[in-house]
1. In a GNM of the chain with a 10 Å cut-off on Cα contacts, which of 66, 339, 245 has the highest mean-square fluctuation?
2. Considering only the other residues whose Cβ falls under 14 Å of the Cβ of residue 346, what net charge follows from Lys and Arg at +1 and Asp and Glu at -1?
3. Where the centroid of each part is defined by its Cα atoms, how far is segment 362-412 from segment 293-315 in Å?
4. Does anyone have the angle between helix 259-273 and the longest principal axis of the chain? Alpha-carbon axes, 0 to 90°, nearest 10?
5. Residue 33 versus residue 177, label points 7 Å from Cα toward the beta carbon: distance in nm?
6. Gain in length, residue 86 to residue 1, computed as 0.36 nm per residue apart minus the alpha-carbon separation, to one decimal in nm?
7. Loop only per DSSP, at most 14 neighbouring Cβ atoms within 10 Å: give me the trypsin sites (Lys or Arg not before Pro) in segment 227-314, ordered by residue number.
8. Using only the Cα atoms of segment 307-408, what semi-axes does the equivalent ellipsoid have when each is the square root of 5 times a gyration tensor eigenvalue? Give whole Å, largest first.
Amino acid sequence: MANRLESIVGSDHVRAPTSIEARAANTIVEPASVEEICDLVRMCEADRVALAPIGAARSLAGIRRSPVALGISMKRLSRVVAHKPHDMTVVAEPGITVGALNDAMAPAGQWLPVDPCNPRITTLGSLIAAAHSGPLRLSEGTSRDLLIGVRFVGHGGKLIHGGGRVVKNVAGYDLMKLMGGSFGTLGILTELTFKVRPIPPEYCLALIPYARRADAFAAARILNDALPLSNLDILSPALASRLNSNTQYLLLAGFSGSPLEIGFQAERIRDLIGARGEILDGDSALNSYKLLRDMDFHSLPLSAQISVPPSFLARAMVACGDEIEFRAHAGSGVAQIISAENLTAEGSVQTVARWREAAHSARGNLRPLAAAPPIRESLEFFDTPNDGALALMRRLKDAFDPAGIFNPGCFVGGI
């Protein structure tokens, strides 16, 4: 196999995995073109070799129970293919990072308004395939809301197109939504087209500490109903200590706009919740926001993401238990949670079961983001949908990947 891989990508681009990649794949190849990816897929289908596309490998390293044979690194496919400022669209390859893409668009005053953890190492492929998002999902939506076109290599090494390079494109199946959050189980993304937006002129961040969790969520509801905030988040005391010396729950309300809009929103925040906390601007606001954004929940012994209707989030956090630490996107109904205790494999299963029950009771779902290798075998990483939905997912997997080579066993129901 090594000889065949080298004949496709060259001997310099077949290598052993790094320590984090080793949790996702046994061998790494670095193709330089779509044609090389097509050849790799055809080879793997013929020999029934499991593969997975990877960026920095953080997402798969946290959830794969065992590595696949071949990791397809997208680092050499990292170009901005086309940026049309007047159309407010950008086309790029999956190996470019979110940070590098925004650097390229900055001279035109535009950006892709998504904020995954560490955008300097989060590739566009990972952004879509692992459905990464951050605090700005409140105002900007998620990456799948901005994605308007895809190209990917699928069964038989064929190049498949979906959507287009213009915003008002309604032709064909909505493959963009299908590829979002698919974890590379349906194919390998090779090109992505996004809507982009103007960079906000100013950003401010209000930091308001609360002694009680319930008071922080109550204040968040008031602000969310009254103002068009950029982000609205609550940190538990241990995580809040990274931004503020107070060992209390911390409410963070970010707002953007012109100086006039900024002034109005700052005054409204003070009126609505009283003269408490502080409002940061300029570099102080951006630096605190980056600390909030870059909290890494993918490299912990046990972490999970809970998604419920926003009005039920506070209740779900209580049901998860007093021992959790969390970052809650209060206006979106999404939170990342971690256990503050050292858990055995059995304790981890019980903890995730309690968290999952809390999510289901609040009409939502829960997905572990990462688990230490010793406890992975005991955990179910995805909620099990009803029989009809699961049957449909299996039919889609069979249609897109009849050979079963694309990141097998890493999705709902073991797909």
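The values are calculated or read from the model by the stated rules, or taken from the named source; none is laboratory data. Not measured: the values here are computed from a predicted model. Note that each Cβ is placed from the backbone with ideal geometry, even for glycine, and that neighbours are counted across all protein chains shown. Side chains are part of the model used for accessible areas, which takes the heavy atoms of the whole protein and leaves out ligands, DNA and RNA. Shrake-Rupley method; radii C 1.70, N 1.55, O 1.52, S 1.80 Å.
1. Maximum among the listed residues: 245.
2. Summing Lys and Arg as +1 and Asp and Glu as -1 gives 0.
3. Measuring centre to centre over Cα atoms gives 19 Å.
4. For helix 259-273, the angle is close to 60 degrees.
5. Result for the modelled spin labels: 3.6 nm.
6. Details: separation 85, 0.36 × 85 = 30.60 nm, distance 4.73 nm.
Working it through step by step, the gained length comes to 25.9 nm.
7. Here the sparse-neighbourhood loop sites are 242, 276.
8. 27, 19, 11
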